[in-house]
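Before any comments, here is the structure.
The values are calculated or read from the model by the stated rules, or taken from the named source; none is laboratory data. The model shown is predicted, which means the values in this text are computed figures rather than measured ones. Cβ: placed from backbone, ideal geometry, glycine included. Neighbour counts: every protein chain shown. Areas reflect the complete protein model, heavy atoms only, side chains present, ligands, DNA and RNA absent. Shrake-Rupley method; radii C 1.70, N 1.55, O 1.52, S 1.80 Å.
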Amino acid sequence: MKTVLILSQPNDLHAAAVTEALTRRGAEAILWHTSDFPSRATETVSFVGKQRSVRLRGLELDVSEQSIHTVWNRRPTFVLDGLPLHPADRPFVEMGCETFRRALFDTLAPRAFWVNPQHAITRTSKLRQHQAALDVGLEVPDTLYTNDPKEIRTFLREHPGQVIYKPLNMTAWRDDERYYMPFTSALTEEQLVADELLQAVPGIYQVRVPKAYELRVTMMGRRAFTARLHSQETQGGRLDWRRAQEELRMEPFELPAEIATQCFELMRKLDIVFGCFDLIVRPDGRYVFLEVNQAGQFLFVEDATGLPLLDAFTEFLLQGSVDFDWSPDRVTLRYPEVKDAALQRLRTSFERHVAEPEGTWYEGSRVQLPFASSA
């Protein structure tokens with residue numbers, strides 16, 4: 001029996017659905033609620049003589065690394081909220097947990113197949129993606145990564161009315177009344193804040209690319225599953241399709257072999273084996289690379305297009321190979337078949353395990369589950 005270890009947290013529907021799918025395939029799927037650390041779980045690495053061992057213990061968790069065949073490095077985290085810490089001690093505790101976790105993930109299960117390797121995740125920045133995309137021959141928009149107000153203003157003047165702003169990380173924050181999530185936005189010089197604020201926060205300033213439509217390409221090893229996103233038909237999603245998911249029309253799409261090869265080569269350069277690519281197809285037919293999310297969502301694509309992504313991803317994890325054997329003619333499992341069971345798993349996990357205070361996130365849009373705390 002193959003053992004698949006899934007690193008995630010209680011709010012993750014993808015982790016719950018894949019756990020359910022693997023279980024139905026007869027595999028041992030271990031969902032490691034990494035957010036239980038350090039308050040409800042212990043993680044130990046010991047060296048005795050020349051032998052090294054790892055033990056993970058917590059609620060519904062007792063794992064040694066020798067039993068692990070595949071690791072899905074989905075969305076690991078740790079949570080300090082709720083611990084009886086003096087505010088002055090919190091930075092020390094946080095640094096200790098972060099340092100230990102980084103070392104643990106760097107060395108855990110070295111013979112297992114990782115989706116994706118921890119060292120690759122920590123290095124897959126937008127800047128590195130941009131350079132790697134150019135190296136493999138993909139077209140990329142003219143872009144400025146900076147906190148220099150002079151550079152920003154010059155860039156805006158050189159491309160009047162054609163610049164968009166993106167954050168370096170899709171990180172949400174909140175005040176006493178509401179949550180905030182930055183999306184891709186059009187930007188003019190008149191909209192800029194004071195220079196000292198611009199300098200405080202590095203950002204991405206990019207020339208807007210005309211769109212015929214967009215593509216969401218889910219890469220699993222050497223396989224590409226592509227959906228065409230008719231974002232330009234929407235009212236709210238022309239700049240960022242994540243703003244208009246409820247009205248967004250999608251359909252399966254055949255990615256040209258040349259573009260697929262370039263995407264595979266980009267993954268090789270980044271040392272990842274799974275990624276969700278965002279591409280633009282211009283009105284003149286040219287393909288433009290935007291980014292690849294190494295922990296991207298894909299169940300919403302199956303819901304909208306019928307592409308058998310859950311079935312393929314389950315086999316990808318079970319076989320633990322970039323050249324996994326799978327065919328659309330042999331699909332035995334569909335996401336709608338496991339959705340209710342996955343939601344029940346999610347509900348149970350949320351009730352029993354430590355959740356991140358901000359709830360769950362879905363492709364940049366906050367989804368408040370009916371059983372999740374709004375605190």
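Tabulated results
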| read-out | value |
| --- | --- |
| Spatially proximal lysines relative to Lys269 (Cα-Cα < 28 Å; intrachain offsets below 8 disregarded) | Lys126, Lys166, Lys211 |
| Potential extension, Leu80-Arg153 segment - 0.36 nm per residue separation minus Cα distance | 22.2 nm |
| Accessible area per residue, Å², the chain with all protein chains present, probe 1.4 Å | 49 Å² |
| Gain in span if fully extended, Thr99 to Asp329, counting 0.36 nm per residue against the direct Cα distance | 78.2 nm |
| Length added when fully stretched, Ala120-Thr348, from 0.36 nm per residue minus Cα-Cα | 78.9 nm |
| Packing rank of 93-100, 245-252, 294-301, where each peptide gets the mean count of other beta carbons within 10 Å, highest leading | 294-301, 245-252, 93-100 |
| Centre separation in Å (Cα based) which lies between segment 202-225 and segment 277-320 | 10 Å |
| Helical contribution to [θ] at 222 nm, DSSP H n ≥ 4, -39,500 (n - 2.57), averaged over the chain, rounded to 500 | -9000 deg cm²/dmol |
| Surface share of carbon and sulfur [accessible, 1.4 angstrom probe, percent] for the chain | 50 percent |
